[in-house]
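The values are calculated or read from the model by the stated rules, or taken from the named source; none is laboratory data. None of the values given here were measured: they were computed from a predicted structure. Because the Cβ atoms are built from the backbone with ideal geometry, glycine has one as well, and the counts that use them run over all protein chains shown.
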Amino acid sequence: MKTSIPGENLNVARVTRELLDLIMKQPKAERARLLTELQPGVRQKIESGALLNVTTALIDAVMKLTIKERCRILGELKANSGSTMRKYSRVDFFSPIQYVINDRLSHGFIRNISVSGLFLENPHYSGPELFLDQAVKMIFDHPYTKMHLKIQGKIIRITKAGLGIRFDEKI
């Protein structure tokens with residue numbers, strides 16, 4: 001099933017399945033922490049042992065979330081668990097970057113980069129909300145050749161720390 005989010009298509013079933021798979025790989029304590037983040041009132045039940053199955057309660061809570069919230073949590077879990085589909089190694093690279101999303105020019109900093117993408121740290125973006133698979137145009141200097149690059153990509157991860165972006169073409 002696909003759902004429309006301002007100009008974007010997301011596969012709800014795929015996002016949900018990937019999120020639940022990652023949740024099931026988390027230690028019990030981490031599942032409990034995530035459940036209390038989603039439902040703060042459940043903390044006392046967990047601590048007292050009154051909540052018999054944290055995993056079931058967490059799955060129920062996830063199923064009640066919007067697709068936007070599921071994507072946010074999926075991105076955070078991927079960032080924290082090391083679960084990734086990354087094929088190329090990253091190198092730390094701190095450099096300013098200009099980028100365009102939704103026809104708005106913004107500025108930020110690259111935290112790390114590989115031949116297939118980069119992580120845009122603490123973006124200074126003030127436009128409409130960001131979504132997975134959203135197009136991004138970027139301008140920055142290559143970490144080794146220092147050549148000025150103009151490249152396009154898509155947002156593949158959204159976290160509090162920034163954006164994971166996959167280039168349309170390898171650099």
(request) May I ask you to list the residues in the stretch 113-129 that are surrounded by fewer than 17 Cβ atoms within 10 Å (Cβ to Cβ) and of a type outside the set (Gly, Ala, Ser)? (result) Val115, Glu121, Asn122, His124, Pro128, Glu129
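Checking the structure you have, find out if any residue of the stretch 102-111 is under 16 Å from the mean Cα position of the chain (by Cα), assigned by TED's automatic domain parsing to the domain that holds Arg157 and at pLDDT 90 or above.
Here is the first cut: in the stretch 102-111, the ones under 16 Å from the mean Cα position of the chain (by Cα) are 110-111.
Then keep just the ones that are assigned by TED's automatic domain parsing to the domain that holds Arg157; that gives 110-111.
Remaining after also requiring at pLDDT 90 or above: 110-111.
Yes.
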(request) Report, ordered by the first and then the second residue, all pairs with beta carbons closer than 9 Å, sequence separation of six or more or different chains, a first member in the stretch 107-127 that is without any contact (Cβ under 8 Å) to a residue 24 or more places away in the chain, and a second member that is buried (at least 17 other Cβ atoms within 10 Å of the Cβ) and small (Gly, Ala, Ser). (result) Phe109/Gly162; His124/Ser106; His124/Gly108; Ser126/Ser106
(message) Take the conditions within 22 Å of Val15 (Cβ to Cβ), surrounded by 15 or more Cβ atoms within 10 Å (Cβ to Cβ) and not assigned by TED's automatic domain parsing to the domain that holds Glu69 and apply them to Ile155. Does it pass?
(response) yes
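Determine whether Arg43 is surrounded by fewer than 17 Cβ atoms within 10 Å (Cβ to Cβ), basic (Lys, Arg) and modelled with pLDDT under 90.
On the way: surrounded by fewer than 17 Cβ atoms within 10 Å (Cβ to Cβ): yes; basic (Lys, Arg): yes; modelled with pLDDT under 90: yes.
Yes; evaluated as a whole, the condition is true for this residue.
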